[in-house]
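Take a look at the structure set out below.
The values are calculated or read from the model by the stated rules, or taken from the named source; none is laboratory data. Quick caveat, the model's predicted, so the values are computed rather than measured. A quick note on method: Cβ atoms are made from the backbone with ideal geometry, for glycine too, and the neighbour counts reach across all protein chains shown. Accessible surface areas use protein heavy atoms only, side chains included; no ligands, DNA or RNA. Shrake-Rupley method; radii C 1.70, N 1.55, O 1.52, S 1.80 Å.
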Amino acid sequence: MFSKFHFTRIFQRVTGLSPGRFLSALRIQRAKHLLAETSLNVADISALVGYNSVGTFSTRFARSIGHSPTAYRRLVGTPRDHGMGAEAFDAGSAVIRGNVRAHPGIAEQPMFVGLFADRIRAGRPVRCAILARPGPFRFERVPRGTWYLVAQTIGAGAGRPGRPDMFPGLPPVDARGPVTIHRDTAEEVVDLRPAPRPYGDPAVLLALLDAPELVQRVAPVGAGRRSVDAVGTGPLAA
């Protein structure tokens, strides 16, 4: 019962995104699920998630995920290189550090921590690390700009009790931002605590998190805290 303009203003105030951008993220997340869990071809999946053009779907999928739909399907089926493109970010001098805390009621799992240029966590992160379990992280040489930080468990999602998820299996997540790094910023401290995904939170679309060999690259929980540099952004010690 709102005008589309009033609805758009309210929606953006609540989610930080326009309805169109939010819907696009949901469509790509649904396409990821269909590519991984069904044998439907790319054209059928494109139509099912609301695209009239397979070319437009494939372009937007690749821009968001870092792989074409066909390459993504191979990625989640067999271990392979999961590089995310050759884009480079200028190095800065600032440090972002913090602690990823375990959420009560959610078992400790390996964690992905990433710094993104947009509120929708898609494409290549500016900096990222994989932790063997919740604990400290540190990103060095962070460039000037406005960034969004996200921490996500690598494993099955907790869901929301009593309420079916539109996309089952989404993992617990926490996101903070914008975090602004100025010319004179030396250090920012941001703590995160992943929890079951809140209503209105856009999906994390990173293909890297769906690679089946990812968890195997991280030290077992009982072997101490360690991080693996996931995309070649330099040593990320935890």
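Scanning the stretch 34-71 for residues that are modelled with pLDDT of 90 or more, polar (S, T, N, Q) and open to solvent by less than 40 Å² (accessible area, probe 1.4 Å) yields SER46, SER58. With respect to the stated conditions, ALA31 is free of Cβ contacts under 8 Å to residues at least 40 places away in the same chain, open to solvent by less than 60 Å² (accessible area, probe 1.4 Å) and under 23 Å from ALA117 (Cβ atoms). Report, by residue number, each residue of the stretch 123-149 that is under 30 Å from ASP184 (Cβ atoms), open to solvent by less than 40 Å² (accessible area, probe 1.4 Å) and not in a strand (DSSP E or B). GLY123, PRO125, VAL126, GLY135, PRO143 - these are the residues of the stretch 123-149 that are under 30 Å from ASP184 (Cβ atoms), open to solvent by less than 40 Å² (accessible area, probe 1.4 Å) and not in a strand (DSSP E or B). Say whether the condition of being among the charged types (D, E, K, R) and free of Cβ contacts under 8 Å to residues at least 24 places away in the same chain is met by at least one residue in the stretch 7-16. Looking through the stretch 7-16, at least one residue is among the charged types (D, E, K, R) and free of Cβ contacts under 8 Å to residues at least 24 places away in the same chain.
Considering only the stretch 1-24, state which residues are open to solvent by 40 Å² or more (accessible area, probe 1.4 Å) and touching a Gly at 6+ places or on another chain (Cβ under 6 Å). Walk me through it before giving the result.
Initially, the stretch 1-24 is screened for residues open to solvent by 40 Å² or more (accessible area, probe 1.4 Å), giving 1-14, 20-21, 23.
If the condition is that a residue be open to solvent by 40 Å² or more (accessible area, probe 1.4 Å) and touching a Gly at 6+ places or on another chain (Cβ under 6 Å), then VAL14 is the only one that fits.
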